[in-house]
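Report on one structure; see the data block that follows.
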Amino acid sequence: MIDGVGRTIDYVRISVTDRCNLRCVYCMPEEGVPSIPHGQILRFEEILRVCRVLAKNGIRKVKLTGGEPLVRKGILDLTAELKAIPGIENITITTNGVLLEELYDGLVDAGIDAITVSLDTLDPQVYQSITRRDEAARVRRGLERAMREGRVPLKINCVPVLGVEKQELLDVVELARHHRVHVRFIEMMPIGLGSGFPLLREEELRTFLEKHLGPLTPCDDVPGNGPCRYYAAEGFQGRLGFISAVSHQFCDGCNRIRLTADGYLKTCLQYDCGAALKSMLQAGCTDAELEAVIRKALADKPKGHHFGDQAPFAGREEKGMSQIGG
Ligand code: SAM
Ligand code: SF4
């Protein structure tokens, strides 16, 4: 599919649930999180149907996300069924890793092509202060299993939120020295609760890392779906990456759409524009009607975000990251 400004859209991020077993401070409030009522969540048949229409229209890559995708019952069956859709070539998952140890083999057997684990620190106490849950050891076991077995490529997503020292980011980086895992730093995006946290810019972090690791050399040998820019460090098995939506806007090369857990096809992270597919599906629409609405939403996909603008503006997304899926 080509959008209104000529970009090829071949990637969909599907938030399979808005629920989560962690409460990261920059993503979800500690309490009072209203969950989407069961009847409004896309059923698996509905996700598969939308994906068949998307695949017919050029979507080739699927990301499973959430909330926490591994808490959705039946996620392994969904993975296998999505992978079997003609046209879908690549299916990956981003998880907090809490359930990875027990589900690793199931995911790989279901056809997952790569796994990303979100991990902001290796220090159990700091981990608990960021995620508000005592799950560091479980995540570590899941990660170690994934690194040891190495059946599919593995990445780590790390959001600097408390700063390089407090989060001991160098310890996270060291994982890429000793294992074939790519460690990616994501700039805090001013979406939902993320707006209340300071931004550590890529340049600042890269300077810090180079001081400790030596020069970082740009490289392009890591397959992926998106805007991450990778660097090689001397003596490292994995690469270090930066996803810097704020300091390096990458909207010109945007290749993605998002499907929220309640069936909204989102065409831009920062705006609430797109199409409410769940209500159409419930009303018994045809595939042709679905396709027409998706195409229209794509034609109107915004040219880019305005993360620099602090003032509220019309159409700004009010949903949090746990509802959008990152
Ligand atoms: N629960 C899964 C996880 O944490 O990997 C998947 C969903 S989570 C919303 C997807 C990614 O978004 C995670 O890597 C998380 O760290 C990141 N994220 C959440 N809020 C963010 C924000 N405001 N800015 C940048 N990244 C954010
Ligand atoms: Fe849950 Fe992921 Fe959000 Fe953390 S970042 S609260 S793990 S959805």
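Below is a table of values for the structure above.
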item: Proportion of all alpha-carbon pairs of the range 81-236 beyond 20 Å (%); result: 53
item: Lys, Arg +1 and Asp, Glu -1 on Cβ, resulting dipole of the range 52-188 about Cα centre, debye, nearest 20; result: 500
item: Choice from His305, His182, His38 showing the highest fluctuation, given a GNM over the chain with Cα pairs closer than 10 Å; result: His38
item: Backbone N within the range 1-24 under 17 Å of label point (7 Å from Lys303 Cα along the Cβ vector); result: 3-8
item: Sites Cys219 and Asn21, calculated FRET efficiency, Cβ-Cβ separation with R0 41 Å, nearest 0.05; result: 0.75
item: Top of Met189, Met28, Met280 by mean-square fluctuation, Gaussian network on the chain, Cα under 10 Å; result: Met280
item: Set of lysines with alpha-carbon distance to Lys63 below 29 Å, sequence-local pairs under 8 removed; result: Lys73, Lys83, Lys155, Lys266, Lys278, Lys296, Lys301, Lys303, Lys319
item: Per-pair calculated FRET efficiency, R0 = 30 Å: Phe250 and Phe44 via Cβ, rounded to 0.05; result: 0.40
item: For the range 110-174, size of Cβ-based charge dipole, Lys and Arg +1, Asp and Glu -1, in debye; result: 300
item: Volume of the Cα convex hull of the chain, divided per residue and given in Å³; result: 126
item: Label-zone membership for the range 279-297, site Lys73, 7 angstrom Cα→C-beta point, backbone N under 14 Å; result: none
item: Computed [θ] at 222 nm, deg cm²/dmol, the chain (DSSP H ≥ 4; -39,500 (n - 2.57); rounded to nearest 500); result: -9000 deg cm²/dmol
item: Cα long-axis angle, helix 169-178 against the chain (0 to 90 degrees, to the nearest 10); result: 90
item: Separation in nanometres of the label points that stand 7 Å from Cα toward Cβ, at Asp134 and His178; result: 2.5
item: Nearest-0.05 FRET efficiency for Arg316 and Glu234, computed from C-beta distance (R0 45 Å); result: 0.55
item: Charge context of Glu30, other residues only, Cβ under 12 angstrom, K/R +1, D/E -1; result: +2
item: Positive minus negative residues near Ser15 (Lys, Arg vs Asp, Glu; Cβ under 11 Å); result: +4
item: Residue among Leu298, Ala276, Thr286 farthest towards the positive dipole end of the range 263-305, charges placed on Cβ; result: Leu298
item: Candidate aspartates and glutamates - alpha carbon under 20 Å from Lys56, same-chain residues fewer than 8 apart omitted; result: Asp3, Asp10, Glu45, Glu46, Glu81, Glu89, Asp287, Glu289, Glu291, Asp300
item: Coil-residue GluC sites (Glu not before Pro) of the range 199-244, DSSP, other Cβ within 10 Å capped at 14; result: Glu234
item: Assigned charges on the beta-carbon of Lys, Arg, Asp, Glu; the chain dipole about Cα centre (debye); result: 500
item: Share antiparallel - DSSP beta bridges, the chain, percent rounded to 5; result: 30
item: Stokes-Einstein translational diffusion, the range 192-273 - Kirkwood Rh over all Cα pairs, 0.692 mPa s, 37 °C, in µm²/s; result: 216
item: Among Ile294, Ile85, Ile186: highest mean-square fluctuation, GNM of the chain, C-alpha pairs under 10 Å; result: Ile85
item: Around Glu202: net Lys/Arg minus Asp/Glu count, Cβ-Cβ under 13 Å; result: 0
item: Carbon and sulfur %, accessible surface of the chain computed with the full protein complex present, 1.4 Å; result: 51
item: Extension gain from Glu289 to Lys83, taking 0.36 nm per residue of separation minus the Cα-Cα distance; result: 71.7 nm
item: Gain upon complete extension [Val5, Gln125; 0.36 nm per residue less C-alpha separation]; result: 38.6 nm
item: Whole-number accessible area per residue in Å² for the chain, which is evaluated in the context of all protein chains at 1.4 Å; result: 43
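The values are calculated or read from the model by the stated rules, or taken from the named source; none is laboratory data. The model shown is predicted, which means the values in this text are computed figures rather than measured ones. Virtual Cβ from ideal backbone geometry, glycine too; neighbours counted across all protein chains shown. Only protein heavy atoms, including side chains, enter the accessible area calculation; ligands, DNA and RNA are left aside. Shrake-Rupley method; radii C 1.70, N 1.55, O 1.52, S 1.80 Å.
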